[in-house]
Amino acid sequence: MSLFDNNSDPNINLLPHDGTVNYYGKILTKDEADRFQQALLNTIQWRNDEAVIFGKKILTKRKVAWYGDEEFKYTYSKTTKTALPWTAELLELKKICEAETGEIFNSCLLNLYHSGDEGMAWHSDAEKDLMKNGAIGSMSLGAERKFAFKHKSTGEKIELMLEHGSLLVMKDETQTFWLHRLPPTKKVSEPRINLTFRTIQNIS
Ligand SMILES: O=C(O)CCC(=O)C(=O)O
Ligand SMILES: [Fe+2]
């Protein structure tokens with residue numbers, strides 16, 4: 001698929017097999033998206049992410065935050081995090097995401113990419129604390145960025161652009177068979193916030 005015929009029909013599966021990815025396009029007006037982006041920049045407790053790479057703890061340039069229904073403990077990039085309680089804006093966005101998709105989410109991981117210098121490497125979101133084959137609702141605010149999927153065994157690649165105020169849903173076996181990434185790019189200097197609404201089920 002070409003990057004330029006972004007299909008924003010949520011009934012279309014962007015993956016040819018082994019999973020389901022639906023792009024809903026812009027589900028917020030520009031004004032709403034601008035307002036949420038500004039509010040999240042100001043109200044979220046952004047922190048540099050700790051990741052373990054080759055056994056060494058490093059701090060990423062990208063900032064992250066994790067919110068949820070309870071003080072969930074969640075292991076991501078080999079470090080354990082505790083969720084903060086929902087803010088007013090996050091609850092509003094969660095409701096919008098749930099109404100669009102018909103899914104229910106109990107947590108949200110937020111990423112703040114200050115510019116195109118920052119991205120996220122190939123990975124899948126299949127941590128043991130996440131509900132297996134559960135839906136992940138991914139909302140984007142700010143700079144439009146390219147997003148890509150790569151099949152773990154065939155290497156097939158699918159790319160699309162994630163627009164300001166848009167929603168992408170990954171579900172079914174997507175995380176088992178496909179990797180995804182947000183490639184860094186020299187073409188973007190503006191920030192972008194991404195919210196991934198998820199279902200954690202390790203409640204102990
Ligand atoms: O920034 C994005 O669009 C994706 C983020 C992501 O894949 C993740 O948080 O697991
Ligand atoms: Fe991810």
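The values are calculated or read from the model by the stated rules, or taken from the named source; none is laboratory data. Owing to the predicted nature of the structure, the values given are computational and were not obtained by experimental measurement. As a convention, Cβ positions derive from the backbone with ideal geometry for all residues, glycine included, and neighbour counts pool all protein chains shown. Surface accessibility is based on the protein's heavy atoms, side chains included, excluding ligands, DNA and RNA. Shrake-Rupley method; radii C 1.70, N 1.55, O 1.52, S 1.80 Å.
Considering region 79-169, the qualifying strands (runs of 3 or more DSSP E), each wholly inside and each with 2 or more residues that are away from ligand 2 (no atom under 16 Å from the Cβ), surrounded by fewer than 19 Cβ atoms within 10 Å (Cβ to Cβ) and among the β-branched types (Val, Ile, Thr), run over 79-82. In region 92-117, the residues that are in contact (Cβ under 8 Å) with a residue 40 or more places away in the chain reach residues that are of a type in the set (Gly, Ala, Ser) and open to solvent by 50 Å² or more (accessible area, probe 1.4 Å) with C-beta atoms within less than 8 angstrom, at least six apart or across chains, in these pairs: SER115/SER189; GLY116/SER189.
Among the numbered conditions (1) within 15 Å of the chain's Cα centre (by Cα); (2) more than 23 Å from LEU160 (Cα to Cα), the only one that PRO85 does not meet is (1). Kindly evaluate ASP34 against the criterion of being outside any strand (DSSP E or B), surrounded by 13 or more Cβ atoms within 10 Å (Cβ to Cβ) and touching a helix residue (DSSP H, G or I) at 6+ places or on another chain (Cβ under 7 Å). The answer is no for ASP34. In region 52-70, the qualifying residues are those that are surrounded by 12 or more Cβ atoms within 10 Å (Cβ to Cβ) and of a type in the set (Val, Ile, Thr), and the one that is farthest from ligand 1 (Cβ to nearest atom) is ILE58.
Criterion first (farther than 24 Å from LYS171 by Cβ, open to solvent by 30 Å² or more (accessible area, probe 1.4 Å) and among the hydroxyl-bearing types (Ser, Thr, Tyr)) does THR75 satisfy it? No, not satisfied.
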